[in-house]
Amino acid sequence: MSKRLVAPSILSADFNRLGQDIEMINNSEADYIHCDVMDGVFVPNISFGIPIIQHVYKIASKPLDVHLMIVNPDQYVETFKEAGASILTVHYEACTHLHRTISKIKSTGMKASVCLNPHTPVHSLEDIIGDLDMVLLMSVNPGFGGQKFIENTYDKVRKVRQLIDAKNPQCLIEIDGGVNYDTGKKLIEAGADVLVAGSFVFGSSSPTETISKLKLV
Ligand code: DX5
Ligand code: ZN
(Lines give C-alpha, C1' and ligand atoms only; values in the text may rest on other atoms or scores of the structure.)
(Ligands and ions follow the chains in the order given, each with its own letter.)
Protein backbone atom coordinates (compact mmCIF):
# COMPACT_ATOMS: atom_id res chain seq x y z
CA MET A 1 0.00 0.00 0.00
CA SER A 2 1.56 3.29 -1.12
CA LYS A 3 2.20 5.88 1.59
CA ARG A 4 1.27 8.71 -0.85
CA LEU A 5 3.73 11.30 0.35
CA VAL A 6 4.69 14.48 -1.52
CA ALA A 7 8.02 16.29 -1.41
CA PRO A 8 8.13 19.65 -3.25
CA SER A 9 11.62 20.35 -4.63
CA ILE A 10 12.81 23.86 -3.83
CA LEU A 11 15.11 23.76 -6.86
CA SER A 12 12.14 25.34 -8.66
CA ALA A 13 11.33 27.82 -5.86
CA ASP A 14 11.79 31.58 -6.28
CA PHE A 15 15.09 32.25 -4.51
CA ASN A 16 14.22 35.96 -4.19
CA ARG A 17 11.47 34.90 -1.83
CA LEU A 18 12.63 31.53 -0.61
CA GLY A 19 11.26 32.20 2.89
CA GLN A 20 7.75 32.65 1.53
CA ASP A 21 8.02 29.50 -0.56
CA ILE A 22 9.09 27.54 2.54
CA GLU A 23 6.13 29.03 4.44
CA MET A 24 3.86 27.87 1.61
CA ILE A 25 5.24 24.32 2.00
CA ASN A 26 4.90 24.53 5.81
CA ASN A 27 1.23 25.40 5.43
CA SER A 28 0.54 22.82 2.74
CA GLU A 29 -0.08 19.08 2.90
CA ALA A 30 3.50 18.37 1.79
CA ASP A 31 5.33 15.72 3.80
CA TYR A 32 8.96 16.68 3.18
CA ILE A 33 10.95 19.57 1.73
CA HIS A 34 13.16 18.15 -1.03
CA CYS A 35 16.53 19.94 -1.26
CA ASP A 36 18.71 19.27 -4.33
CA VAL A 37 22.41 19.78 -3.72
CA MET A 38 24.53 19.73 -6.93
CA ASP A 39 28.27 20.13 -7.18
CA GLY A 40 28.89 20.70 -10.91
CA VAL A 41 31.00 17.50 -10.98
CA PHE A 42 28.63 14.60 -10.38
CA VAL A 43 26.00 16.48 -12.38
CA PRO A 44 26.45 19.23 -14.97
CA ASN A 45 24.89 21.92 -12.78
CA ILE A 46 25.55 23.70 -9.47
CA SER A 47 22.55 24.44 -7.27
CA PHE A 48 22.99 25.34 -3.61
CA GLY A 49 24.79 23.98 -0.59
CA ILE A 50 25.04 24.01 3.16
CA PRO A 51 24.21 27.68 3.99
CA ILE A 52 20.89 27.46 2.15
CA ILE A 53 20.00 24.18 3.88
CA GLN A 54 20.77 25.79 7.25
CA HIS A 55 18.48 28.73 6.46
CA VAL A 56 15.69 26.51 5.19
CA TYR A 57 15.95 24.36 8.33
CA LYS A 58 15.52 27.40 10.59
CA ILE A 59 12.05 28.10 9.24
CA ALA A 60 10.93 24.66 8.02
CA SER A 61 8.22 22.78 9.87
CA LYS A 62 8.59 19.68 7.67
CA PRO A 63 11.55 17.27 7.53
CA LEU A 64 14.30 18.14 5.05
CA ASP A 65 14.77 15.43 2.43
CA VAL A 66 18.26 16.23 1.14
CA HIS A 67 19.28 14.77 -2.23
CA LEU A 68 23.04 14.90 -2.70
CA MET A 69 24.13 14.98 -6.34
CA ILE A 70 27.78 15.27 -5.39
CA VAL A 71 30.96 13.21 -5.56
CA ASN A 72 32.37 11.94 -2.25
CA PRO A 73 29.13 12.39 -0.29
CA ASP A 74 30.71 10.39 2.54
CA GLN A 75 32.82 13.41 3.40
CA TYR A 76 29.79 15.60 4.15
CA VAL A 77 27.44 13.29 6.08
CA GLU A 78 27.94 14.98 9.49
CA THR A 79 27.82 18.44 7.92
CA PHE A 80 24.38 17.81 6.42
CA LYS A 81 23.16 16.34 9.69
CA GLU A 82 24.24 19.52 11.50
CA ALA A 83 22.65 21.66 8.77
CA GLY A 84 19.27 20.04 9.48
CA ALA A 85 18.75 17.10 7.10
CA SER A 86 16.34 14.38 8.29
CA ILE A 87 16.69 12.11 5.26
CA LEU A 88 19.99 11.98 3.38
CA THR A 89 20.11 10.52 -0.13
CA VAL A 90 23.38 9.60 -1.79
CA HIS A 91 23.81 8.34 -5.34
CA TYR A 92 24.73 4.70 -5.91
CA GLU A 93 26.99 5.92 -8.72
CA ALA A 94 28.90 8.28 -6.40
CA CYS A 95 29.71 5.81 -3.61
CA THR A 96 32.59 3.34 -3.78
CA HIS A 97 31.88 2.03 -0.28
CA LEU A 98 28.13 2.41 -0.19
CA HIS A 99 27.59 0.18 2.85
CA ARG A 100 30.00 2.32 4.86
CA THR A 101 28.31 5.53 3.74
CA ILE A 102 24.84 4.20 4.64
CA SER A 103 26.07 3.08 8.07
CA LYS A 104 27.55 6.52 8.64
CA ILE A 105 24.29 8.27 7.72
CA LYS A 106 22.31 6.03 10.08
CA SER A 107 24.78 6.50 12.92
CA THR A 108 23.96 10.24 12.91
CA GLY A 109 20.24 9.49 13.37
CA MET A 110 19.26 10.52 9.83
CA LYS A 111 17.27 8.24 7.55
CA ALA A 112 19.44 6.74 4.82
CA SER A 113 18.45 6.65 1.18
CA VAL A 114 20.15 5.57 -2.06
CA CYS A 115 19.39 7.05 -5.45
CA LEU A 116 19.70 5.25 -8.79
CA ASN A 117 20.27 7.13 -12.03
CA PRO A 118 18.01 6.11 -14.93
CA HIS A 119 20.62 3.69 -16.35
CA THR A 120 21.48 1.94 -13.06
CA PRO A 121 19.74 -1.43 -12.68
CA VAL A 122 17.52 -2.13 -9.70
CA HIS A 123 19.37 -5.36 -8.91
CA SER A 124 22.36 -3.21 -7.83
CA LEU A 125 20.38 -2.66 -4.61
CA GLU A 126 19.97 -6.34 -3.76
CA ASP A 127 22.70 -6.47 -1.12
CA ILE A 128 22.05 -3.07 0.47
CA ILE A 129 18.24 -2.89 0.45
CA GLY A 130 17.96 -4.33 3.96
CA ASP A 131 19.88 -1.34 5.35
CA LEU A 132 17.89 1.40 3.63
CA ASP A 133 15.04 3.63 4.79
CA MET A 134 14.31 4.82 1.26
CA VAL A 135 15.21 4.21 -2.39
CA LEU A 136 15.11 7.20 -4.72
CA LEU A 137 14.66 6.47 -8.41
CA MET A 138 15.62 9.22 -10.85
CA SER A 139 13.00 9.49 -13.56
CA VAL A 140 15.13 12.08 -15.43
CA ASN A 141 18.89 12.44 -15.66
CA PRO A 142 19.81 14.40 -12.53
CA GLY A 143 20.92 18.01 -12.79
CA PHE A 144 17.95 20.10 -13.84
CA GLY A 145 14.30 20.67 -13.09
CA GLY A 146 11.62 20.64 -15.76
CA GLN A 147 12.85 17.65 -17.81
CA LYS A 148 10.79 15.01 -19.57
CA PHE A 149 9.84 11.92 -17.57
CA ILE A 150 11.56 8.66 -18.61
CA GLU A 151 8.86 6.01 -19.14
CA ASN A 152 11.07 3.05 -18.13
CA THR A 153 10.76 4.32 -14.55
CA TYR A 154 7.39 2.55 -14.06
CA ASP A 155 9.09 -0.83 -14.63
CA LYS A 156 11.86 0.10 -12.25
CA VAL A 157 9.34 1.05 -9.55
CA ARG A 158 7.68 -2.35 -9.88
CA LYS A 159 11.06 -4.07 -9.56
CA VAL A 160 12.02 -2.06 -6.47
CA ARG A 161 8.59 -2.78 -4.98
CA GLN A 162 9.21 -6.52 -5.36
CA LEU A 163 12.65 -6.26 -3.79
CA ILE A 164 11.33 -4.19 -0.89
CA ASP A 165 8.33 -6.44 -0.26
CA ALA A 166 10.68 -9.42 -0.12
CA LYS A 167 13.52 -7.93 1.91
CA ASN A 168 12.58 -4.71 3.74
CA PRO A 169 8.87 -3.78 3.70
CA GLN A 170 9.44 -0.59 5.75
CA CYS A 171 11.59 0.98 3.05
CA LEU A 172 10.02 3.80 1.00
CA ILE A 173 10.24 4.35 -2.77
CA GLU A 174 10.63 7.96 -3.86
CA ILE A 175 10.58 9.19 -7.46
CA ASP A 176 12.26 12.35 -8.70
CA GLY A 177 11.85 14.12 -12.04
CA GLY A 178 9.00 14.97 -14.37
CA VAL A 179 6.30 14.24 -11.81
CA ASN A 180 2.83 15.63 -12.58
CA TYR A 181 -0.73 14.34 -11.99
CA ASP A 182 -0.49 11.87 -14.86
CA THR A 183 2.98 10.40 -14.18
CA GLY A 184 2.31 10.65 -10.43
CA LYS A 185 -0.83 8.53 -10.66
CA LYS A 186 0.96 5.82 -12.67
CA LEU A 187 3.90 5.88 -10.26
CA ILE A 188 1.65 5.36 -7.25
CA GLU A 189 -0.10 2.51 -9.08
CA ALA A 190 3.32 0.94 -9.76
CA GLY A 191 4.13 1.08 -6.04
CA ALA A 192 5.86 4.42 -5.35
CA ASP A 193 5.45 6.05 -1.90
CA VAL A 194 6.93 9.54 -2.27
CA LEU A 195 6.55 11.90 -5.22
CA VAL A 196 9.10 14.69 -5.61
CA ALA A 197 7.79 17.58 -7.70
CA GLY A 198 9.59 20.80 -8.55
CA SER A 199 8.47 22.67 -11.65
CA PHE A 200 4.98 21.13 -11.54
CA VAL A 201 4.36 22.58 -8.06
CA PHE A 202 6.16 25.93 -8.30
CA GLY A 203 5.07 26.57 -11.90
CA SER A 204 1.40 26.12 -11.04
CA SER A 205 -1.02 28.93 -10.24
CA SER A 206 -1.72 27.47 -6.78
CA PRO A 207 1.24 25.45 -5.45
CA THR A 208 -0.64 24.60 -2.24
CA GLU A 209 -3.54 23.12 -4.18
CA THR A 210 -1.18 21.27 -6.55
CA ILE A 211 0.50 19.64 -3.53
CA SER A 212 -2.88 18.56 -2.12
CA LYS A 213 -3.96 17.13 -5.47
CA LEU A 214 -0.68 15.25 -5.92
CA LYS A 215 -1.44 13.45 -2.66
CA LEU A 216 -4.69 12.18 -4.18
CA VAL A 217 -3.53 11.05 -7.63
C1 DX5 B 1 16.79 16.94 -10.63
C2 DX5 B 1 16.39 17.08 -9.20
C3 DX5 B 1 14.94 17.15 -8.98
C4 DX5 B 1 14.25 18.31 -9.64
C5 DX5 B 1 12.96 17.79 -10.17
O6 DX5 B 1 18.12 16.58 -10.73
O7 DX5 B 1 16.89 16.01 -8.41
O8 DX5 B 1 14.58 17.08 -7.61
O9 DX5 B 1 14.00 19.40 -8.80
O10 DX5 B 1 12.37 18.76 -10.94
P11 DX5 B 1 11.04 18.53 -11.75
O12 DX5 B 1 9.98 18.09 -10.78
O13 DX5 B 1 10.79 19.88 -12.34
O14 DX5 B 1 11.34 17.48 -12.79
ZN1 ZN C 1 16.07 15.68 -6.30
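The values are calculated or read from the model by the stated rules, or taken from the named source; none is laboratory data. Because the structure is a prediction, the values reported are computed rather than measured. Positions of Cβ are backbone-derived with ideal geometry, glycine not excepted, and every protein chain shown enters the neighbour counts. Surface areas here come from the heavy atoms of the whole protein model, side chains and all, with no ligands, DNA or RNA. Shrake-Rupley method; radii C 1.70, N 1.55, O 1.52, S 1.80 Å.
Note on region 96-124: residues that are farther than 15 Å from Val66 by Cβ and within 17 Å of the chain's Cα centre (by Cα) amount to 5. Of the residues Asn26, Asn16, which is free of Cβ contacts under 8 Å to residues at least 24 places away in the same chain and open to solvent by 10 Å² or more (accessible area, probe 1.4 Å)? Being free of Cβ contacts under 8 Å to residues at least 24 places away in the same chain and open to solvent by 10 Å² or more (accessible area, probe 1.4 Å) holds for just one of Asn26, Asn16, which is Asn16.
Cβ-Cβ contacts under 8 Å between residues 6 or more apart (or on different chains), taken from a first residue in region 54-72 that is at positive phi to a second residue that is of a type in the set (A, V, I, L, M, F, W, C), are listed as Asn72/Ala94.
A single entry from Lys3, Lys62 fulfils the requirement of being within 19 Å of Val201 (Cβ to Cβ), under 17 Å from the mean Cα position of the chain (by Cα) and more than 16 Å from ligand 2 (Cβ to nearest atom): Lys3. Taken over region 187-201, the criterion of being of a type outside the set (D, E, K, R) and open to solvent by 40 Å² or more (accessible area, probe 1.4 Å) is satisfied by Ser199, Phe200.
Residues of region 45-92 that are more than 22 Å from Val194 (Cα to Cα), more than 16 Å from ligand 1 (Cβ to nearest atom) and either part of a loop (DSSP other than H, G, I, E, B) or in contact with a Pro (Cβ under 8 Å, 6 or more places away or on another chain) (or both): Asn72 alone. Each residue in region 93-121 was checked for being in a helix (DSSP H, G or I) and among the β-branched types (Val, Ile, Thr), and 3 of them qualify.
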